[in-house]
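Undergrad: The structure follows.
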Ligand SMILES: [Zn+2]
């Protein structure tokens with residue numbers, strides 16, 4: 001099934017539900033960054049979470065950045081997702097592998113360790129809203145749920161998962177259920193959602209069993225006046241980097257450094273952290289940057 005996101009409401013608009021499938025984009029991230037299985041699971045869960053978080057924003061161009069900094073062997077990760085359905089991200093140490101945890105699952109919590117989750121919501125103007133919470137388990141889903149409940153004060157239930165085998169990513173995605181402010185005082189509703197989500201199979205078990213996103217939402221909210229919006233939004237791994245931006249970044253090194261790169265290396269190589277794309281700037285490109293800098297300083301003087 002293609003990577004996609006669907007939105008729904010239930011309980012007369014008191015509940016907001018979103019589901020996302022990210023199997024292909026997680027596989028793409030795995031390939032681009034040569035991720036180990038546990039790193040794939042960590043980044044896939046984070047990319048699904050960020051897409052689910054950004055889906056509630058209204059303003060075109062809105063983005064969510066989700067950054068985890070941990071003391072485990074994975075180090076940390078950074079994900080950037082847009083309301084337009086694009087997402088990109090990377091982990092600090094892509095190749096680390098750990099034995100399965102006590103439940104026989106990929107040990108994402110052990111890979112991330114103790115630390116912090118930073119979430120930034122940017123609507124494209126003014127100051128972005130950002131907040132930090134301590135990690136509870138490093139399993140990503142629990143940590144993002146804790147962020148939503150404590151920092152955004154929205155009762156939420158989040159289920160994210162990634163299933164990887166030797167051939168790559170077989171299933172990835174998640175579901176987010178939120179009780180909106182007008183219904184948030186209804187403790188029984190909040191409790192009901194928590195119970196239902198915790199009684200569900202893992203997201204990837206359901207997806208691998210052939211269940212669609214609407215099937216899953218029906219299972220949780222079917223008797224609560226579920227309304228699934230007909231629009232299906234496609235989501236994909238996409239990075240906004242390009243050669244011009246790389247040249248812009250190289251320019252910041254200044255004339256002396258650039259001259260040095262020309263003489264020592266005949267050019268420069270730059271890798272985009274977010275997508276792993278490698279850009280080669282040759283001596284001519286660097287020479288042109290030096291000319292630009294000279295022209296600029298002549299104008300400024
Ligand atoms: Zn890039």
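The values are calculated or read from the model by the stated rules, or taken from the named source; none is laboratory data. None of these values were measured; they are calculated from a predicted model. Cβ placement follows ideal geometry from the backbone for every residue including glycine, while neighbour counts extend to all protein chains displayed.
Undergrad: With 98, 78 as the choices, which residue is surrounded by fewer than 24 Cβ atoms within 10 Å (Cβ to Cβ), farther than 16 Å from residue 136 by Cβ and over 17 Å from the mean Cα position of the chain (by Cα)?
TA: Working: 78 fails: over 17 Å from the mean Cα position of the chain (by Cα).
Result of the check over 98, 78: 98.
Undergrad: If you don't mind, there's one more thing I want to ask. Condition first: within 22 Å of residue 69 (Cβ to Cβ) and out of contact with any helix residue (DSSP H, G or I) (no Cβ under 7 Å at 6 or more places or on another chain). Can you find one or more residues in region 153-164 that meet it?
TA: No, every residue in region 153-164 fails to be within 22 Å of residue 69 (Cβ to Cβ) and out of contact with any helix residue (DSSP H, G or I) (no Cβ under 7 Å at 6 or more places or on another chain).
Undergrad: More than 30 Å from residue 13 (Cβ to Cβ), modelled with pLDDT under 95 and within 15 Å of the ligand (Cβ to nearest atom): does that describe residue 298?
TA: no
Undergrad: Does region 236-251 contain at least one residue that is in contact with a helix residue (DSSP H, G or I) (Cβ under 6 Å, 6 or more places away or on another chain) and surrounded by fewer than 16 Cβ atoms within 10 Å (Cβ to Cβ)?
TA: No - not one qualifying residue is present in region 236-251.
Undergrad: Moving on. Kindly establish whether residue 106 is assigned to a loop (DSSP other than H, G, I, E, B), surrounded by 16 or more Cβ atoms within 10 Å (Cβ to Cβ), in contact (Cβ under 8 Å) with a residue 60 or more places away in the chain and more than 16 Å from the chain's Cα centre (by Cα). Give the steps one after another, and end with the answer.
TA: On the way: assigned to a loop (DSSP other than H, G, I, E, B): yes; surrounded by 16 or more Cβ atoms within 10 Å (Cβ to Cβ): yes; in contact (Cβ under 8 Å) with a residue 60 or more places away in the chain: yes; more than 16 Å from the chain's Cα centre (by Cα): yes.
Against the criterion (assigned to a loop (DSSP other than H, G, I, E, B), surrounded by 16 or more Cβ atoms within 10 Å (Cβ to Cβ), in contact (Cβ under 8 Å) with a residue 60 or more places away in the chain and more than 16 Å from the chain's Cα centre (by Cα)), residue 106 qualifies.
Undergrad: Determine whether region 205-223 contains at least one residue that is without any contact (Cβ under 8 Å) to a residue 24 or more places away in the chain, under 26 Å from residue 79 (Cα atoms) and surrounded by 15 or more Cβ atoms within 10 Å (Cβ to Cβ).
TA: Among the residues of region 205-223, at least one is without any contact (Cβ under 8 Å) to a residue 24 or more places away in the chain, under 26 Å from residue 79 (Cα atoms) and surrounded by 15 or more Cβ atoms within 10 Å (Cβ to Cβ), which makes the answer yes.
Undergrad: In region 274-288, how many residues are in a strand (DSSP E or B) and either buried (at least 18 other Cβ atoms within 10 Å of the Cβ) or within 16 Å of the ligand (Cβ to nearest atom) (or both)?
TA: Residues meeting the conditions: 4.
Undergrad: What about residue 113, is it modelled with pLDDT under 95 and in contact with a strand residue (DSSP E or B) (Cβ under 9 Å, 6 or more places away or on another chain)? Full working, then the answer.
TA: Numbers: modelled with pLDDT under 95: no; in contact with a strand residue (DSSP E or B) (Cβ under 9 Å, 6 or more places away or on another chain): yes.
Taking the combined requirement at face value, the residue does not satisfy it.
Undergrad: Among what's in region 151-168 and is more than 13 Å from residue 178 (Cβ to Cβ) and touching a strand residue (DSSP E or B) at 6+ places or on another chain (Cβ under 6 Å), pick the residue that is surrounded by the fewest Cβ atoms within 10 Å (Cβ to Cβ).
TA: 151
Undergrad: Would you confirm, using the coordinates I've provided, whether residue 232 is within 30 Å of residue 87 (Cβ to Cβ), away from the ligand (no atom under 16 Å from the Cβ), out of contact with any helix residue (DSSP H, G or I) (no Cβ under 6 Å at 6 or more places or on another chain) and modelled with pLDDT under 95?
TA: no
Undergrad: Are there any pairs, at least 6 apart or on different chains, whose C-beta atoms fall under 9 Å, with the first in region 53-66 and at positive phi and the second surrounded by fewer than 18 Cβ atoms within 10 Å (Cβ to Cβ) and at pLDDT below 95, and if so, which?
TA: 61/123; 61/124; 61/125
Undergrad: Something else about it: Quick test of your reading of the structure: residue 265 fulfils all but one of (1) more than 13 Å from the ligand (Cβ to nearest atom); (2) touching a strand residue (DSSP E or B) at 6+ places or on another chain (Cβ under 7 Å); (3) closer than 27 Å to residue 34 by Cβ. Name the failing condition by number.
TA: (2)
Undergrad: Looking only at region 235-259, which residues are over 17 Å from the mean Cα position of the chain (by Cα), away from the ligand (no atom under 16 Å from the Cβ) and at negative phi?
TA: Within region 235-259, 251, 252, 253, 255, 256, 257, 258, 259 qualify.
Undergrad: Which of the residues spanning region 1-36 are in a strand (DSSP E or B) and touching a helix residue (DSSP H, G or I) at 6+ places or on another chain (Cβ under 8 Å)? Can you show your working first?
TA: Residues of region 1-36 that are in a strand (DSSP E or B), as a first pass: 4-10, 15-21.
4, 5, 6, 8, 10, 15, 17, 18, 19, 20, 21 - these are the residues of region 1-36 that are in a strand (DSSP E or B) and touching a helix residue (DSSP H, G or I) at 6+ places or on another chain (Cβ under 8 Å).
Undergrad: Scanning for something surrounded by 11 or more Cβ atoms within 10 Å (Cβ to Cβ), touching a residue at least 40 places away in the same chain (Cβ under 8 Å) and touching a helix residue (DSSP H, G or I) at 6+ places or on another chain (Cβ under 7 Å), does region 257-273 turn up at least one residue?
TA: no
Undergrad: Take residue 292 and tell me if it is out of contact with any strand residue (DSSP E or B) (no Cβ under 9 Å at 6 or more places or on another chain), within 16 Å of the ligand (Cβ to nearest atom) and in a helix (DSSP H, G or I). Give the derivation first.
TA: Values: out of contact with any strand residue (DSSP E or B) (no Cβ under 9 Å at 6 or more places or on another chain): yes; within 16 Å of the ligand (Cβ to nearest atom): no; in a helix (DSSP H, G or I): yes.
Criteria not met by residue 292.
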